[in-house]
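Chemist: Starting off with a structure, shown below.
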Amino acid sequence: MPTANRWLLPLASALGAIALALDAAPLPAPAAALTPLEAELAAVAAHIPGAKASDVRTTPVPGIYEYSHGAELVYVTADGRYGFVGDLYRMADRNNLSDARRRELRLALIGAEPESSMVVFAPQTTKYTITVFTDVDCGYCRALHKQIAEYNRLGVKVRYLFFPRTGPNTESWSKAEQVWCSADRRAALTQAKLGVALTAAACKPNPIAEQYALGRAIGLVGTPGIVTESGELLPGYAPPDELVQELQQEAQPGQG
């Protein structure tokens, strides 16, 4: 056999094997084409620094879009160059569409936080559930916690998240970490709110930074910050009877 053929035959065999392998391999799936609405929202988001298409929605007002950052809303023009804040109402029934949207966003953000990362005080029979952003050193937070048994007696389940108002690397932040890292978190939180010094050391990981960021994302400005089952944010302390009245009104059709 000529020398050239001895080189060509193995090469042809190898090329044939590659061809068979390529033929058997599944082709990569083509990128899904954007729907007209997805393309529209992506075009608006492209002009807003840091925005994703999923942060943008249409509104009932032609040419005006909603941009959400956490539970904060900004309304922007189609070219993304101009924005304004404020509440959008449907004038026919004076329905505050912005407030409803903020409640929806708060619930989605809090819903992503597992209850296992909260300190929960639950009654035997739960009628209402509230999520409370708390600061160990906050006076009104302490007033609320002193009545935790009464909230529970009225059927209110209290789920605590930590929001040390002074921020990271402060005494209140360290106390929150100590509560979380205690063997009995419920007892530790009660002791800390009574001003008792805790002995537990801070541990890692802990959810304090994540919950602090969550509080900022939902628009929390102070503590206690009470989020109801409808997503309403009630700023400040509410005595048990008053809070239950508020929750009852919320639960009634057409209320809240």
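No value in this document is a laboratory result; all are computed from the given coordinates. Source: prediction; values computed, not measured. Please note: Cβ atoms are built from the backbone with ideal geometry, for glycine as well, and neighbour counts cover all protein chains shown.
Chemist: Taking the alpha-carbon distance from Lys146 and a cut-off under 15 Å, which aspartates and glutamates remain once sequence neighbours fewer than 8 residues away in the same chain are dropped?
Modeler: Those aspartates and glutamates meeting the cut-off are Asp135, Asp137, Asp241.
Chemist: Now for a separate question. Could you order peptides 153-159, 120-126 by the average number of other Cβ atoms within 10 Å of their residues, highest first?
Modeler: Descending mean neighbour count gives 153-159, 120-126.
Chemist: Now for a different question. Arranged by the count of other C-beta atoms within 10 angstrom, fewest first, what order do Ser68, Ser230, Ser54 take?
Modeler: Listing Ser68, Ser230, Ser54 from fewest to most nearby Cβ atoms yields Ser54, Ser230, Ser68.
Chemist: What is the spin-label model distance, in nm, from Asp241 to Arg81 if the labels are put 7 Å beyond Cα along the C-beta direction?
Modeler: Label at Asp241, label at Arg81, 5.9 nm between them.
Chemist: What does a probe at Cys203 reach in the stretch 177-194, counting residues whose amide N is under 11 Å from the point 7 Å along Cα→Cβ?
Modeler: 178-185
Chemist: Another question, then. Please list, or write none, the lysines whose alpha carbon is within less than 16 Å of the alpha carbon of Lys204, excluding same-chain residues fewer than 8 places away.
Modeler: Cα-Cα hits under 16 Å: Lys175.
Chemist: Any chance you could list the semi-axes, whole Å, largest first, of the equivalent ellipsoid that the Cα gyration tensor gives for the chain, using √(5λ)?
Modeler: 51, 30, 17
Chemist: Label Ala183 and Thr59 with points 7 Å out from Cα along Cα→Cβ: what is the distance between them in nm?
Modeler: Between Ala183 and Thr59, the label points sit 5.5 nm apart.
Chemist: Under 10 Å, Cα contacts only: if you run a Gaussian network model on the chain, which one of Tyr160, Tyr89, Tyr67 comes out with the highest mean-square fluctuation?
Modeler: Tyr89
Chemist: Also, quick follow-up: What are the DSSP H helices in the chain that stretch 30 Å or more along their long axis, judged by alpha-carbon atoms, and whose average Kyte-Doolittle hydropathy comes to at least -0.5?
Modeler: Result, helices passing both filters: 3-24.
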